[in-house]
Amino acid sequence: MSTVFQCPGCKEFISRDATSCRFCNRPIDPQTRQAAAAAAEVENREYRKKQSLRTMLIGLAMAAVGIVITVGTYAWAASSPRGGGYVVTWGLIVFGGLRVVQGFIGWASGK
Ligand SMILES: [Zn+2]
């Protein structure tokens, strides 16, 4: 929800409920306020969608890194004659996976 919008006169951000601009004292009629708020809403939605997409991509990258480390160290441990431990990066995979889900939900709900 956006609670501010740009004054059509001076381009300062003013409250959505303002009846006049507190910067330039320009009176704000309801139509102007509504149109400006609607425009800001669309902008915010686009921004949120982009953010959600970014969250998803970062989550994917994190999970991918986690899987690469897990598989890589497992292959190394398995091929080592002395055996040895390997690293399972559940943290990265799970956290990354959660970010993907979170991002997807945000993206899908951003109508
Ligand atoms: Zn103004």
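The values are calculated or read from the model by the stated rules, or taken from the named source; none is laboratory data. Quantities reported herein were computed from a predicted structural model and do not represent experimental measurements. Here Cβ is always computed from backbone atoms with ideal geometry, including for glycine, and neighbour counts include all displayed protein chains.
Look at THR70 and say whether it is free of Cβ contacts under 8 Å to residues at least 24 places away in the same chain, in contact with a strand residue (DSSP E or B) (Cβ under 7 Å, 6 or more places away or on another chain) and more than 16 Å from the ligand (Cβ to nearest atom).
Working: free of Cβ contacts under 8 Å to residues at least 24 places away in the same chain: yes; in contact with a strand residue (DSSP E or B) (Cβ under 7 Å, 6 or more places away or on another chain): no; more than 16 Å from the ligand (Cβ to nearest atom): yes.
Against the criterion (free of Cβ contacts under 8 Å to residues at least 24 places away in the same chain, in contact with a strand residue (DSSP E or B) (Cβ under 7 Å, 6 or more places away or on another chain) and more than 16 Å from the ligand (Cβ to nearest atom)), THR70 does not qualify.
Just checking, which of TYR74, TYR47 is under 30 Å from TYR86 (Cβ atoms) and of a type in the set (Phe, Trp, Tyr)?
Numbers: TYR47 fails: under 30 Å from TYR86 (Cβ atoms).
TYR74 is the lone residue from the list that is under 30 Å from TYR86 (Cβ atoms) and of a type in the set (Phe, Trp, Tyr).
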*Failed condition for CYS7, given (1) under 24 Å from TRP107 (Cβ atoms); (2) in contact with a Cys (Cβ under 6 Å, 6 or more places away or on another chain), with all others met?*
(1)
*Which one is farthest from the chain's Cα centre (by Cα), of the residues in segment 2-33 that are at pLDDT below 85 and of a type in the set (S, T, N, Q)?*
THR32
*Could you say whether any residue in segment 76-83 is of a type in the set (D, E, K, R), assigned to a helix (DSSP H, G or I) and more than 26 Å from the chain's Cα centre (by Cα)?*
no
_THR32 vs. criteria polar (S, T, N, Q), part of a helix (DSSP H, G or I) and touching a Pro at 6+ places or on another chain (Cβ under 8 Å)_ = yes
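Condition check ((1) surrounded by 13 or more Cβ atoms within 10 Å (Cβ to Cβ); (2) within 30 Å of CYS7 (Cβ to Cβ)) across all residues:
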position: PRO30; (1), (2): no, yes
position: ALA40; (1), (2): yes, yes
position: ARG45; (1), (2): yes, yes
position: THR55; (1), (2): yes, no
position: ILE67; (1), (2): yes, no
position: THR89; (1), (2): yes, no
position: ILE93; (1), (2): yes, no
position: ILE105; (1), (2): yes, no
position: SER109; (1), (2): no, no
*Name the residues in segment 2-23 that are more than 9 Å from the ligand (Cβ to nearest atom), surrounded by fewer than 14 Cβ atoms within 10 Å (Cβ to Cβ) and in a loop (DSSP other than H, G, I, E, B), would you?*
THR3, ASP17, THR19
